[in-house]
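Taking it in order: structure first as structure tokens, then the write-up.
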Amino acid sequence: MAAKSSHEKFLLWAIIIGVALGIAAGAVFGSKMQSIDWLGVLFLNALKMTIIPLIIAAVISGVASLGDIRKLGKIGGSTVGYYASTTAVAVLIGLAVVNLMRPGDGIASNINTAAASEILEKDPVTFTDIVLTMVSPNLIAAASQMQLLPIIVFSLIFGAALTTVGENGRPVINFFNGINDVMMKLVNWIMYFAPVGIFALIASRLGETGGGQALLEEISGVGTYVLTVILGLSCHFIFLVCLLKIVTGRGLDYITAMSRAIITAFGTASSSATLPITMGCAQKAGVSARSTKFVLPLGATVNMDGTALYEAVAVMFIAQVYAIEMGFYEQTIIFITATLAAIGAAGIPQAGLVTMIIVLSAVNLPLEGISLLLAVDWLLDRFRTAVNVSGDSVGAAIIDKFDNTASR
Ligand code: ASP
């Protein structure tokens with residue numbers, strides 16, 4: 001056990017050093033670092049390769065292990081309750097900091113809106129789209145496009161049905177249990193490549209911006225906005241740690257155990273790509289396999305505290321730049337739509353920027369305002385993805401606690 005934990009510590013330090021060197025190399029060598037971009041892509045591809053088989057096997061074996069469909073309702077209810085309430089808290093924190101800091105005041109609104117056209121040309125996401133994406137007519141097509149929500153919904157229903165067919169279902173459950181174990185083993189192996197992969201992802205992305213000087217220039221125009229988002233995200237992170245402590249009695253020990261996943265989220269800007277690592281860390285941190293398999297896949301797709309907070313801050317920032325007053329009524333609409341838009345955002349880089357259109361349209365703000373956010377979004381995306389994964393991780397521990405108490 002001691003050998004195992006020193007080995008885990010070594011890997012964590014290697015990843016932290018990878019992040020630090022990635023920032024330093026990207027800042028100093030600038031665009032030259034783009035030549036190692038492929039190492040980051042290799043790491044991302046390796047993670048993505050495991051996602052579909054892992055989710056299918058994990059969710060089916062997780063639901064089947066509940067044994068009784070009624071328990072699915074209970075754990076499902078507490079999971080959805082946790083997701084909804086923490087996301088709502090995140091948006092409230094976002095609204096509070098953006099009203100206090102008012103980052104958009106005094107910024108000129110005569111910006112070049114052409115940059116946003118690429119995002120605005122994408123088909124706008126509507127609420128019915130979000131509901132419709134839950135059930136896919138073609139699972140293979142959904143899997144090939146990495147649409148995780150329909151895959152999860154199918155696996156949930158499949159797992160629930162499996163618990164009702166008696167003896168005939170046994171070999172099927174064993175089969176999926178086995179696939180799950182094998183996939184987790186693969187993820188552990190891929191983890192050894194994480195320090196190099198994350199180093200390459202960060203260095204090449206920073207290099208793409210043109211290095212440290214160019215990044216500082218980009219940030220300087222919207223510095224208070226960047227600060228506001230990071231401040232809001234930090235407050236929410238602290239809220240999550242306090243909630244964890246109150247409900248489970250665990251605190252920084254758990255967050256440290258989950259830190260490989262949180263750093264990977266920062267490196268990849270994708271909760272979905274990070275999911276295999278989040279699951280691996282949660283199991284090692286002592287969360288039961290059942291909660292890990294059930295709570296985390298769903299969380300990586302629908303629970304996005306960081307994205308929700310970010311969307312609220314960004315939309316208020318745009319309103320402030322255009323000097324459009326957002327009163328209590330408008331902010332209530334932002335509160336509701338930002339929560340829903342975050343649920344609808346996929347766990348991929350910059351997905352939040354696309355679903356933000358829902359929030360902007362709901363309060364009649366100019367959609368081109370998104371141009372104001374583009375330059376620094378790749379950076380803020382990493383911070384909000386780290387908070388998204390932290391929210392899922394804390395959720396797994398909390399639901400696990402509920403589940404254990406309920407089954408006692
Ligand atoms: N990149 C985020 C995630 O994967 C989504 C977003 O906010 O753009 O969790």
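Restricted to segment 309-335, and to residues there that are within 15 Å of the ligand (Cβ to nearest atom) and not hydroxyl-bearing (Ser, Thr, Tyr), the residue that is surrounded by the most Cβ atoms within 10 Å (Cβ to Cβ) is VAL313. Look at LEU92 and say whether it is open to solvent by 60 Å² or more (accessible area, probe 1.4 Å), touching a helix residue (DSSP H, G or I) at 6+ places or on another chain (Cβ under 9 Å), modelled with pLDDT of 95 or more and in a helix (DSSP H, G or I). So LEU92 passes the test.
For segment 169-210, the candidate set comprises residues that are within 15 Å of ILE60 (Cα to Cα) and polar (S, T, N, Q); within that set, the residue that is surrounded by the fewest Cβ atoms within 10 Å (Cβ to Cβ) is ASN174. The residue list ALA375, ALA338, ALA346 contains one member that is open to solvent by less than 10 Å² (accessible area, probe 1.4 Å) and of a type in the set (A, V, I, L, M, F, W, C), which is ALA338. Inside segment 236-262, residues that are open to solvent by 40 Å² or more (accessible area, probe 1.4 Å), among the small types (Gly, Ala, Ser) and under 21 Å from the mean Cα position of the chain (by Cα) make up a count of 0. For segment 336-349, what are the residues that are under 18 Å from ILE318 (Cβ atoms) and within 7 Å of the ligand (Cβ to nearest atom)? Answer for segment 336-349, where residues must be under 18 Å from ILE318 (Cβ atoms) and within 7 Å of the ligand (Cβ to nearest atom): just ALA345.
Against the definition (part of a helix (DSSP H, G or I), more than 15 Å from the ligand (Cβ to nearest atom) and more than 19 Å from LEU148 (Cα to Cα)), how does ASN404 come out, yes or no?
Yes: the conditions hold for ASN404.
Inspection of segment 216-225 identifies no residue that is under 30 Å from ASN404 (Cβ atoms), open to solvent by less than 20 Å² (accessible area, probe 1.4 Å) and part of a helix (DSSP H, G or I). Checking SER6, SER61 one by one, the residue that is under 30 Å from LYS293 (Cα atoms) and surrounded by 14 or more Cβ atoms within 10 Å (Cβ to Cβ) is SER61 and no other.
If you check LEU360, LEU380 for being crowded, with 20+ Cβ neighbours inside 10 Å and either on the phi > 0 side of the Ramachandran plot or more than 13 Å from the ligand (Cβ to nearest atom) (or both), only one passes: LEU360.
Could you tell me which of the residues GLY369, GLY352, GLY395 is crowded, with 22+ Cβ neighbours inside 10 Å and within 9 Å of the ligand (Cβ to nearest atom)? Outline the logic, then answer.
Numbers: GLY369 fails: within 9 Å of the ligand (Cβ to nearest atom); GLY395 fails: within 9 Å of the ligand (Cβ to nearest atom).
On inspection, the qualifying residue turns out to be GLY352.
The C-beta contact set for segment 272-288 (first residue over 13 Å from ASP392 (Cβ atoms) and within 16 Å of the ligand (Cβ to nearest atom), second residue assigned to a helix (DSSP H, G or I) and open to solvent by 10 Å² or more (accessible area, probe 1.4 Å), distance under 9 angstrom, 6+ apart or interchain) comprises ALA273/LEU44; ALA273/LYS48.
Out of curiosity, is LEU186 at pLDDT 90 or above, under 14 Å from ILE55 (Cα atoms) and not polar (S, T, N, Q)? So LEU186 fits the description; yes. The helices (runs of 4 or more DSSP H) located wholly in segment 102-170 that include 2 or more residues which are among the hydrophobic types (A, V, I, L, M, F, W, C) and modelled with pLDDT of 75 or more occupy 127-132, 139-144, 148-162.
The values are calculated or read from the model by the stated rules, or taken from the named source; none is laboratory data. Bear in mind that the values here come from a model prediction, so they are computed numbers and not experimental data. Don't worry about glycine lacking a Cβ; one is built from the backbone with ideal geometry, like all the others, and counts go over all protein chains shown. For the accessible areas, the whole protein counts, side chains as well, though only heavy atoms, and no ligand, DNA or RNA atoms are used. Shrake-Rupley method; radii C 1.70, N 1.55, O 1.52, S 1.80 Å.
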